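The values are calculated or read from the model by the stated rules, or taken from the named source; none is laboratory data. Note that the structure is predicted; figures quoted are calculated from it, not measured. Using ideal geometry, Cβ is built from the backbone for each residue, glycine included, and neighbour counts are taken over all protein chains shown. To get the accessible areas, we keep the full protein, side chains included, count just its heavy atoms, and leave off ligands, DNA and RNA. Shrake-Rupley method; radii C 1.70, N 1.55, O 1.52, S 1.80 Å.
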2 protein chains.
Amino acid sequence: MGNDLNHQVRLAARPTGLPGPEVWEHTSEPVPEPGEGRFVVRVSHVSLDPAMRGWMNEGKSYAPPVGIGSVMRALGLGEVVASNHPGFAVGDTVTGVLGVQDYVETDGSGLQKVRPTAEVPPERYLALLGMTGMTAWFGLFDVGALKEGETVVVSGAAGAVGSVVGQLAKIRGARVVGIAGGPEKCSWVTGELGFDAAIDYRTENVSQRLRELAPDGVDVYFDNVGGEILDAVLGRLAMHARVVICGAISQYNSDSGMQGPRNYMNLLVYRARMEGFLVGDYVDRWGEAGTELAGWLAEGRIHSREDVVDGTVDDFPEVLLRLFRGENTGKLVLRLRRD
Amino acid sequence: MGNDLNHQVRLAARPTGLPGPEVWEHTSEPVPEPGEGRFVVRVSHVSLDPAMRGWMNEGKSYAPPVGIGSVMRALGLGEVVASNHPGFAVGDTVTGVLGVQDYVETDGSGLQKVRPTAEVPPERYLALLGMTGMTAWFGLFDVGALKEGETVVVSGAAGAVGSVVGQLAKIRGARVVGIAGGPEKCSWVTGELGFDAAIDYRTENVSQRLRELAPDGVDVYFDNVGGEILDAVLGRLAMHARVVICGAISQYNSDSGMQGPRNYMNLLVYRARMEGFLVGDYVDRWGEAGTELAGWLAEGRIHSREDVVDGTVDDFPEVLLRLFRGENTGKLVLRLRRD
């Protein structure tokens, strides 16, 4: 690999609020050589996910925090460029946790092989055909237990997961209201994605609009944002509603701690449940969901939009902030060029 | 019924904070005569329940608000003293929604006949053998889906519902930690009721004590109080925990609105669910639960404690406040004497 270097972005300090440049360290080291039974991946795509903000915090959670001085954890996609592993050959494309770096040396644990084509670009395996699509699928169908004819509300509706959730709900025969920030996102979800309605939380009164758009109440709420919007939807539940907790992006960078849902007692009034999940728990069933998603994609019944930013690993800190500023539509991906 | 009068307590205004004397109106009117197909009950016992505070508020909930000027809604027990109803005879004892008044004229809808004995006093039909016991039963076994060997935490542990919940959990083979206010309540639940441990939230650090008492996490939390205690338990969930929302007495008289559970994202971390319920939804199955509760009571495997206050309907406003001051142990009941 000649004079190439492995550029890496490491966590230098735990952020409070939005993670600024001061929390990152940019390092480089020689490109690794594969050990026995191992291989080296050249990373081509880095996934940017709201969950990353949680991984940067200290304390117990579903995944250990990224260590100070460690390469930032990230899902990604790349090509095998050197291999001493019988199951992975040079030229294979793999996806999984690769980190914010140009190269990773690995035994392949947790990585899957994928086959991008002219019709299916590699970044789609980080979006609809990857963990994003799986999250939408299992959250809506398994945790949300969606039934035909129900009313679904999804927040972060123009985001990676939300945009898939709404489309899946339409395929399953639900009525779908998306909540998103700004007129472009709202018209994208109702226009291209076929949601029945959208609420622009930046300019509209969410509670008032929900009264109009979900007059019989909300059967399934898929929550990506938390905060005031969660409370507004809790104020509009249908009997036996299911509130699926996928994320809380409005809260992740708060300086004043998390805001709890003040309207949670509506869970009692409407005999409803609020439930969290992690897509990793469904890994045994990913094949089932992936086959169906790929089929619907091929039939044109569902769209996958990737918001691809070209750059280097050094651009990661700035691209990450787009997520928290609501600047992405669809799945945000950093596609690496080598300078 | 001679010169007797029907004394009544009516809601005169909607309270903010604790309901003081200014929200009540004391009225009296002639004792009613039964219409065709109807009968008159002389109320002997009035049930005092945290839910009453919610019924006093305006706005949509699971039950309509008590109207301004209406007799305050209350569960109770009484004797039929005049009847034109083929199914209810003079001398029958009935329980159901009777209101805070000496007499009620009714067609019997929603009322059940019960048979107090020397061993089972009438007030027990408002406690273990009434809605209180049913609430504990269906909340713990149905919504909480308790399994043998699990760890249960219950707040309001010395209260009407909480004291039954802990005993049911013990019978089912669980480890039980109660949270209550004050050393007497704590030693009552561990001593007489057989809870494994108790936390005095007034003097102990609940989070710290839960770390010690539930080292492997809390499988089922039965919440009667909300607020800081709910947050503390959410910080200590076991994987796939169930949080049963029965009430939120710490919040009902708040001037600053409800406090939402800031730790709700632990529902995601622990793939847990939080669910509310209303015991009225289980009315078809009350017989099943009631038979078993009565059996355990007869066998001495479970205790019912009623905190009986003797007084008149005019004492209702002051007795109600005992609930919100945490002054009752077990089920709070006002036993009516006629002055």
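Just a few scattered comments:
- Summed over both chains, the accessible area lost when B and A associate is about 2600 Å², using a 1.4 Å probe.
- For region A:40-53, backbone phi angles converted through the Karplus equation (6.51, -1.76, 1.60; θ = phi - 60°) give residue-by-residue couplings of 10, 10, 8, 6, 10, 9, 10, 7, 10, 9, x, 4, 4, 5 Hz, Gly and Pro being listed as x.
- Highest-fluctuation residue, B:THR16, B:THR93, B:THR312 considered, GNM on chain B with Cα pairs under 10 Å: B:THR16
- 3J(HN,Hα) couplings calculated from phi for region B:298-314 with the Karplus curve 6.51 cos²θ - 1.76 cosθ + 1.60 (θ = phi - 60°) are, in sequence order, 5, 7, x, 7, 8, 10, 10, 10, 10, 9, 8, 10, 8, x, 10, 4, 5 Hz; Gly and Pro show x.
- Surface listing: A:ARG301, A:ARG124 arranged by accessible area from highest to lowest gives A:ARG301, A:ARG124, probe 1.4 Å.
- Within the assembled protein chains, the solvent-accessible surface assigned to B:ASP307 is about 40 Å², based on a 1.4 Å probe.
- By accessible area with a 1.4 Å probe, ligands and nucleic acids excluded, highest first: order of B:PHE141, A:PHE277: B:PHE141, A:PHE277
- Each Lys or Arg adds one and each Asp or Glu subtracts one; over the other residues with Cβ under 12 Å from the Cβ of A:ILE179, this totals 0.
- Calculated label separations, A:ASN253, copies of the chain, 7 Å along the beta-carbon direction, nm: 4.3
- Restricting attention to the protein assembly as shown, close to 55% of DSSP beta bridges with both partner residues there are antiparallel.
- Crossing angle, helix A:160-171 versus chain A [Cα axis fit, 0-90 degrees, rounded to tens]: 50 degrees
- Where the Cα pairs of the protein assembly as shown fall when distances are cut into 20 Å bins, in %: 17, 42, 28, 11, 2, 0
- Between the beta carbons of B:VAL90 and A:ARG172, assuming R0 = 45 Å, the FRET efficiency works out to 0.15 to the nearest 0.05.
- Computed from label points 7 Å out along Cα-Cβ, the spacing between A:GLU105 and A:SER28 is 1.9 nm.
- Neighbouring partner chain Cβ atoms per residue of B:233-241, average, 10 Å criterion: 1
- Local net charge near B:VAL104, Cβ-Cβ under 13 Å (Lys/Arg +1, Asp/Glu -1): -3
- Rolling a 1.4 Å probe over the heavy atoms of the protein chains gives the protein assembly as shown an accessible area of 40 Å² per residue.
- With a Förster radius of 56 Å applied to the C-beta separation of B:GLU228 and A:GLU36, the computed FRET efficiency comes to 0.55.
- Between copies, A:HIS303 shows label-point distances of 6.7 nm, shortest first, with the point placed 7 angstrom from Cα along Cα to C-beta.
- Chain A has one residue whose beta-carbon comes closest to the axis relating it to chain B; that residue and its distance in whole Å are A:GLY260, 1.
- Solvent-accessible surface (1.4 angstrom probe) belonging to A:VAL97, in square angstrom, nearest 10: 90 Å²
- Entries of B:LYS147/B:LYS185; A:LYS170/B:LYS147; A:LYS60/A:LYS147; A:LYS60/A:LYS331 with Cα pairs more than 31 Å apart: A:LYS170/B:LYS147; A:LYS60/A:LYS147
- Applying 1/(1 + (r/R0)^6) with r as the Cβ-Cβ distance of B:GLU58 and A:ARG301 and R0 = 51 angstrom yields a FRET efficiency of 0.65.
- Taking amide H as placed 1.01 Å from N in the peptide plane, B:ASN6 has its amide H under 5 Å from the amide H of B:GLU29, B:VAL31, each at least 5 places away in sequence or on another chain.
- Counting Cβ atoms of other protein chains within 10 Å of each residue's Cβ and taking the mean over peptide B:274-284 gives 4.
- Ranked order, B:VAL283, B:VAL71, B:VAL243 - accessible area, probe 1.4 Å, largest first: B:VAL283, B:VAL71, B:VAL243
- Considering region B:131-280, its Cα convex hull presents a mean projected area of 8.2 nm².
- Per residue of A:255-261, other chain Cβ atoms within 10 Å of the residue Cβ number 4 on average.
- Residue-count net charge about A:THR27 - beta-carbon cut-off 14 Å; Lys, Arg +1, Asp, Glu -1: -3
- Taking the label point 7 Å along Cα→Cβ, B:SER28 and its counterparts in the other copies are spaced 9.5 nm apart, in ascending order.
- Theoretical ellipticity at 222 nm over chain B - DSSP helices of four or more residues, -39500 (n - 2.57) apiece, nearest 500: -6000 deg cm²/dmol
- Surface share of carbon and sulfur [accessible, 1.4 angstrom probe, percent] for the protein assembly as shown: 48 percent
- Exposure of B:GLU299 as accessible area (Å², to 10), given a probe of 1.4 Å and all protein chains: 120 Å²
- Inter-label distance for A:ASN253 and B:ARG322, nm, one decimal - labels placed 7 Å from Cα along Cα-to-Cβ: 5.4 nm
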